[in-house]
Amino acid sequence: MAKRKKLTKKQRERRKRWLLGLFVAAIVFFGGYITGRRDVDFSQVLGKLDEATANIEQRMHQADAPRTPTPTAGEGTGQVHIFDVGQGAATLLIGSDGTSILIDTGRHDDGEKRIISYLDEHIGLGEPIDLLIFTHNDSDHIGHGDLVLEYFDVQEVWMNGMDHTTQVYDKLLDAVLASNADYAEPKAGERVQLGVFDIQVLHPPQDSPQKDQNDESIATRFTFDGTSLITTGDNSIAQENEIIERGGQLQSDLMIVGHHGSNTSTGEPWLEAVQPQIAFYQAGIDNRYGHPSPETVERMEQAGIPFYGTAELGTISIYIDEQGEVNVETER
């Protein structure tokens, strides 16, 4: 049985306005007739109501038609958008077939709710997000996740299955339960094909002790449109080494370094295993943690890996052409 598409809040409000307009039109027409307008031709009233209804239905159809995205330099190519959400994380992947995957949703205390603006720009309010991955449940990764679920048609949600005690987490759980999205807690070794994306789950393992949110981060490797990207959330070097020991394909063209560039992540063995052509970090300008750490920057320099981040460049957009060539555009 086909799954019924859930109307977004915006669409529901729009329909209410049109139906209210129809009701008011009916009151006006029939009110005039009943209160003494005996000269009114009842067939004309019905004709006007039919005309009004047809006009409303046409406007509803136009309002619900798929939004045509604003043309961009990378239209029709694979895309990676590493959003500038301050000291937090949010990355959008878009395949050449239109499949979309969002990894994390930024900080909870971002008053501008930038994640919603970014997604509106690249996807459009009310449009589908095929997969939403929350790497782990810290508030700088799940911030405004509830709004993403409300304003976009999220098809599936992945979480690490480890509870948290924050109000941000509680709001997110309520939003997941209220949505029509499918839900999963993926484990290492699982592999999923989603549109043009081949997704390998690298962490956490089935027998994970669930003692630390960071070390329970969902780590994934994506292959799509002739390129590959690996991301590890806030996993530390110990978990990176576990992933290496479990074996499997790790080499990736693009890497988002662990834990915003902290010195406790992205160790030398991990760099040797992944061998990225380019690496990226997400952190706020002059953040109090000192991310990216000098140790991480030095490891990148020693390995000869170009290293870019949102703190210096703002949002970073990567476009992959049909030959798998990568073009990087930055906000600053």
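Some notes on this structure:
- Exclusive hit being hydrophobic (A, V, I, L, M, F, W, C) and modelled with pLDDT of 95 or more, set I101, I56: I101
- Of the residues in the stretch 294-314, none is hydrophobic (A, V, I, L, M, F, W, C) and at pLDDT below 95.
- The single condition among (1) closer than 26 Å to G95 by Cα; (2) in contact (Cβ under 8 Å) with a residue 60 or more places away in the chain that G284 does not satisfy is (1).
- A Cβ distance below 7 Å, combined with a sequence gap of six or more or placement on separate chains, defines the contacts here; from the stretch 237-260, residues that are within 26 Å of Q87 (Cβ to Cβ) reach residues that are assigned to a helix (DSSP H, G or I) and of a type in the set (A, V, I, L, M) in the pairs S252/V274; M255/V274.
- In the stretch 114-125 there is at least one residue that is crowded, with 19+ Cβ neighbours inside 10 Å, among the charged types (D, E, K, R) and farther than 21 Å from N235 by Cα.
- Tallying residues that are out of contact with any Ser or Thr (no Cβ under 9 Å at 6 or more places or on another chain) and surrounded by fewer than 24 Cβ atoms within 10 Å (Cβ to Cβ) within the stretch 86-113 yields 9.
- For the stretch 287-328, residues that are within 20 Å of G95 (Cα to Cα) and acidic (D, E) total 3.
- Odd one out for E312, checked against (1) open to solvent by 50 Å² or more (accessible area, probe 1.4 Å); (2) in a loop (DSSP other than H, G, I, E, B); (3) within 29 Å of D110 (Cβ to Cβ): (2)
- Subset of the stretch 294-309 [among the hydroxyl-bearing types (S, T, Y) and buried (at least 20 other Cβ atoms within 10 Å of the Cβ)]: T296
- Qualifying residues in the stretch 129-174 (those that are in a helix (DSSP H, G or I) and within 12 Å of the chain's Cα centre (by Cα)) - the one farthest from Q210 (Cα to Cα): Y151
- Cross-chain or 6+ apart pairs with Cβ under 8 Å, the stretch 211-231 first and on the phi > 0 side of the Ramachandran plot, then in a strand (DSSP E or B) and open to solvent by less than 10 Å² (accessible area, probe 1.4 Å): D225/G78; D225/I320; G226/G78; G226/I320
The values are calculated or read from the model by the stated rules, or taken from the named source; none is laboratory data. Only a predicted model underlies this, so the values are computations on that prediction, with no experimental measurement involved. Cβ sites come from the backbone with ideal geometry, for glycine too, and all protein chains shown count toward neighbours. What goes into the accessible areas is simple: the full protein's heavy atoms, side chains included, and nothing from ligands, DNA or RNA. Shrake-Rupley method; radii C 1.70, N 1.55, O 1.52, S 1.80 Å.
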